[in-house]
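Here is the structure we will look at, set down as structure tokens.
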Amino acid sequence: MITRARIVYHLLIAIWSIVVLWQGFEHLRVRDSHRETTIRRARDISSTLGVVVFSQRRFGIASKPRLETALKELIKSEELKGIYLLNTSGEVLVSAGDPPEIEMVGVSQSGAHWGIHTVTVINLVDLGANLQPDGATNPPTIVLPEPSPPPNRGRDGWPRRGEPPPGSLTNSLNSATNINRPDDEHQDGRGRRPEFNREPGERPPNRMPNSFGRPPWMNPEDFKTLIAQKGVHGLALVLSTRDLQAACNRDLWVRIIIAGFAAMAAVGVGFGWRTLVKSSEYEIRLMRASQLNTHLREMNLAAAGLAHETRNPLNIIRGLAQMISKAPSSSEEIRNKSLEITAEVDQVTAQLNEFIDYSKPREVRRSPISISTIAGDVARALKSDLEDKSIKLELPAESLMVNADQQLLRQVLFNLLINAIQAVDVNGSIQIAARKENHVEASLEVLDDGVGVPAENRQDIFRPYFTTREDGTGLGLAIVRQIALAHGWEVQCLPNNSKGARFRIARMELAAPART
């Protein structure tokens, strides 16, 4: 049975563990789902940001102040906390909003970087390079400070001969990259660039292209350096995770509650199984006890019948012994032996009578009786025993009426007084006290000043055949307890205040006063 119980308990623990793991994996799945939703939201914002950056570029160049102003308009919502445009090295070209919770300098991998309260989504794709309407691939947007005023122009609106086109763009590029004017190989004999060698009034061969390309006076290495330092190669979005954390916390509490209910269910099933096992054990014990009780009842009836049948031969033996002791021809020795036989037969007969009395079923017939009246009757029956030891007996002063069986209550008092008379010395004292405990219950006590009962024997003294005297039968107090249980009383052996013993019968039902 113990092994089966352990298997059930281990199975319940395993099922609960599976539920906890399942809820844990479900929480991780929900968290990942919310994170994926946040990443998709970041992608949508980056698409909008690409349109904004493309709208701010002119000839492939965007003004940093204008970009910052446009980006600040995008971060007014609670969700978006910061926007950062990055170059190839991860350095910030344009920033707007709160700083991120990670160090972005040197970041070379795109993706989501989760902090405590925010998430930083980095995209290393060249922002705005594929947003041309004609589908052409263009260099990334170059972010420069606000350009200086343009140089003097001719009457036709184009730069004068010997000036690089346009002046504001060239000055910005030179100041941004510290690039000097081009080498002599890019000039003609008059110190002019070949592409600008034209006569007065001559139109340039081609207008400035719509997209930004490498200026003719800038070598490819410098142009690559410019693209790497000032070109927008990626962006970083700082998004608030407050809603995500709130959703995850709600889901976590739901999972914890489910795990708690699963634990309560497992504990309930465990207690139910334990109760079922104990109920089965109790049923088996009750069945065995019932069988044993039936067997003991049968044995009790058989023993009572045997004791009853044994008294008849004992009476015959006692009568014959008395006849021999009284015969004139009997010697003094025979008479003494006959008297000893008579005494032994009387002792065995007394034990048989107590055994028969103990084995009788107790049928209680309650009626209102007076405790003082019953005590007086018992005292008169034991008057000779009291006088032999000069014992002083004190009867109850108050006459209390209780509902009890008269014969059984008389037997209880008789056994308790016999026990007290045998315990006290010569000139001892015994007291019978009755008092009202409350308006429905009373108690009866028998006190003596004898040797008393040791504390370790006060519970065992009511067991059958337990006695501390050599000539005792051990059934007198057992009968008292049997009668008390039949009435629903409580009987106790307590120490007396000075010395001796105190037997107390409590929870005696008071009789209702007679109506006049």
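All of the numbers you see were taken from the coordinates with simple rules; none came from a lab. Not measured: the values here are computed from a predicted model. Using ideal geometry, Cβ is built from the backbone for each residue, glycine included, and neighbour counts are taken over all protein chains shown.
Key figures for this structure:
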| item | result |
| --- | --- |
| Distance between region 372-422 and region 314-329 - C-alpha centres, whole angstrom | 35 Å |
| Net charge over other residues, Cβ less than 12 angstrom from the Cβ of residue 461 (K, R count +1; D, E count -1) | +2 |
| Exceeding the 32 Å Cα-Cα cut-off - candidates 337/392; 326/392; 326/389 | 337/392; 326/392 |
| Integer Hz, Karplus 6.51/-1.76/1.60 couplings in order for region 413-420, x for Gly and Pro | 5, 4, 5, 5, 5, 4, 4, 5 |
| Euclidean distance of C-alpha centroids, region 236-274 and region 1-77, integer Å | 19 Å |
| Convex hull volume per residue for region 251-357, taking Cα atoms only, in Å³ | 120 Å³ |
| Where a label projected 7 Å from the Cα of residue 370 along Cα→Cβ would reach, residues of region 382-423 with amide N under 16 Å | 395-404, 406, 410 |
| Ranked list, fewest to most other Cβ atoms within 10 Å of each Cβ, for 295, 439 | 439, 295 |
| Residue 76-residue 249 pseudo-label distance in nm [points 7 Å out on the Cα-to-Cβ vector] | 2.9 nm |
| Region 478-488 - phi-based ³J(HN,Hα) in whole Hz, Karplus 6.51/-1.76/1.60, Gly and Pro as x | 5, 5, 4, 5, 4, 5, 5, 5, 5, 8, x |
| Approximate spin-label separation residue 39-residue 256, in nm, with each point projected 7 Å along Cα-to-Cβ | 2.8 nm |
| Likely footprinting exposure, 418, 227, 257, fewest C-beta neighbours within 10 Å first | 257, 418, 227 |
| Per-residue Cβ neighbour rank within 10 angstrom, fewest leading, 405, 460 | 460, 405 |
| 27 Å Cα-Cα reach of residue 224 towards lysines, excluding residues that sit fewer than 8 places from it in its own chain | 64 |
